[in-house]
1. Of the listed peptides 246-259, 285-298, what is their order by residue-averaged count of other C-beta atoms within 10 Å, with the highest listed first?
2. Over region 97-190, what is the relative contact order in whole percent, taking alpha-carbon pairs under 8 Å and six or more residues apart?
3. Compute the whole-percent fraction of alpha carbon pairs in region 97-190 spaced more than 24 Å apart.
4. May I ask you to compute the full-extension gain from ALA195 to ARG56, defined as 0.36 nm times their residue separation minus their alpha-carbon distance, rounded to one decimal in nm?
5. When the label point is put 7 Å from the Cα of ARG93 along its Cα-to-beta-carbon vector, which residues of region 284-327 have a backbone N closer than 11 Å?
6. Per-residue counts of other Cβ atoms within 10 Å, averaged by peptide: what ranking do you get for 144-156, 262-274, 100-112, 364-376, highest first?
7. What percent antiparallel are the DSSP beta bridges of the chain, to the nearest 5?
8. Could you calculate the contour length gain from LEU222 to ARG103, that is, 0.36 nm times the residue separation minus the distance between their Cα atoms, to one decimal place in nm?
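Please treat every number below as a calculation from the coordinates, not as lab data. Keep in mind that this is a model prediction, so the values were computed, not measured. Note that each Cβ is placed from the backbone with ideal geometry, even for glycine, and that neighbours are counted across all protein chains shown.
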Amino acid sequence: MIGIVGAGITGLSLGNFLEERGVPFRILESSSRAGGVIRSSRVEGRVLDHGPQRTRVTPTIAGLIRSLGLEEQVVSVPPELPLFVLRGGRLRRVPFTAQDLLRTDLLSPGGKLRLLREPLTRGFDPQETVGAFLIRKFGREAYENLMGPLFGGLYGSDPGEMYVRHSLAETMEGFGVTRSILWAFLRGSFNRGAAPPAVSFQGGMADLTDAMLERIRERVSLNSPVKDLERSGGSGWLLRTGDGESLECSHVVLTLPAAGAACLLRRQAPGVEERLLRLRYNRLVMVHLAGERLLHGLGYQVSYGEGLRTRGVTWNASALDRKDVYTAFLGGARDPGALELEDEELGEIARREFLGATGCDARVLAVGRTQVPSWDRSWVALDGMTLPEGIHLATNYESRVGIPGRLARARELADVLSAGTSGR
Ligand SMILES: Cc1cc2nc3c(=O)[nH]c(=O)nc-3n(C[C@H](O)[C@H](O)[C@H](O)COP(=O)(O)OP(=O)(O)OC[C@H]3O[C@@H](n4cnc5c(N)ncnc54)[C@H](O)[C@@H]3O)c2cc1C
C-alpha cells in the first residue's frame, strides 16, 4: 500500500498513474475538497481561478485529458496573442522573434547592441543568482525591462535572490539552450508556436482536478489531515490522521507544503525537518477584476522601477474567453509589505493601477491570498538532503513548480513505486 499525503494535483496525478499501473494506494487530504492550490469558482456567472490560470499541454497532460474524457471542456489560449511589459507607464509588446527584437521599444538602441555581447560570455557559476547572471549576459536594461519581470513573475520571486542552478538552469535546458541564450532565441527556441499550447477548461482549472478525483474517488479520504508519521514493523510506515485512524503503508509520498511536511518528519527525520523549515515561500495577492472592455492579449508584467504594487495581470477575458475577467497579482518577494494591507485597499490599488496601465476601468470581483515556493537562495537547504527509506517527496519545492512539472514528477514516481524500488 502506498500512502499519499495531499490531494492537490501532484497527489491526484500520482493516484491516477498508480491506478493505471495496478498499484494499491490511498490518498489522505486534510481539506474538505481536492485540488490544493487549484481552485475555481463562479462569481456573478464568471469563472475565476484562484491558483494557476492555465497549463501547458505536454504529452503527459494531453494523455491525461484524453483518458479523463475532458477534450470537450478544453479552452485553448490563442498562441498568437501578444504579451506585454509595462514600462514608462505604457504597455510594450514582448519580442518573441528576431524581427520583433530589432523593433521593440522595450530596449534603447544601446540596450539592443548590448545583447550582442551575450554569446561571448561564459555560462553560470554555481553561486550566481539569476539577476547577476542575466545582467552580466545582457545588461541591466534588458534585465529590468524584460527578463527579470518575466522570469521572476513565474515564481512571484526576486531573480536577484534565486540561484541559476536551482531555477533558470532547468528552464534554459527546457528551451534547448546549450551555450548562448541569444543564439537559441534567434533560432526560434523561444517562439511561442514552438512551445506546447496553453489551455484551461470551461469550468476553470478545477475541471482537471475534479475529473482526476472522480476516477479514483473511493481511494481518496477528504477531511483526513495526517498528524503523525511513525515506523511500523520492519520497513513500513504508519500514517495517523486527526480522527485517530491509521494507515499502514510500505511507502509514503508527501505532496504537502514544506512546513507541513517538516512537521510530519519532525520525529523520524529531524535533519530533514530543519532543512524544510528553511525554505521561503512568496506570499501573493490575487485580485479578480471585471473590466469594462475587452483587451486583446495575454496580459502584462510590470518592469522594475515603475513604482507600482501590481506585479502582473493575466487577461483571462481574451486569453481564455472569460467574459470580462482580469487577474492581477500583487506582493511576492519584491513587495512583501502588500500582504499587510486590507483586502479592500488591495482591490482598489489593483483597480487603479490596471486603469492607469490599460485605460480600462474595472470593478473588483474578489481578493484572495496564496503562496508559492520562492526557489530563492534558501533552496541550498535541500543540497545533499536524504530521506528515510520508504519516504518520498513529490512537491513543488523538490521538483518543478508548474503543472507539467508536477505531472512529470508524479509519473516518474509512479514508475519507481510500481517497479518496487525505493526511488528518491
Ligand atoms: C497563484 C498560483 C499561480 C500558479 N500559476 C500557475 C500556472 O499558471 N501554470 C502552472 O503550470 N502552474 C502554476 N502554479 C503552480 C502549480 O499550480 C502548483 O505548483 C501545483 O498546483 C501544486 O500542486 P501540489 O499538489 O504539488 O500541491 P498543493 O496544491 O499545495 O497540494 C497539497 C495538498 O496537501 C494538503 N495537505 C496539507 N497538509 C496536509 C496534511 N497534514 N494531511 C493531508 N493533506 C494535507 C493540502 O490541503 C493540499 O490539498 C501556480 C501556483 C499558484 C499558487
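1. Output ranking for 246-259, 285-298: 246-259, 285-298.
2. With pairs under 8 Å counted, the relative contact order is 35 percent.
3. Percent of Cα pairs beyond 24 Å in region 97-190: 13.
4. Here the segment from ALA195 to ARG56 would lengthen by 49.2 nm.
5. none
6. Order by mean packing, descending: 144-156, 364-376, 262-274, 100-112.
7. Roughly 75 percent of the beta bridges in the chain run antiparallel, per DSSP.
8. Length difference between fully extended and current span is 37.5 nm.
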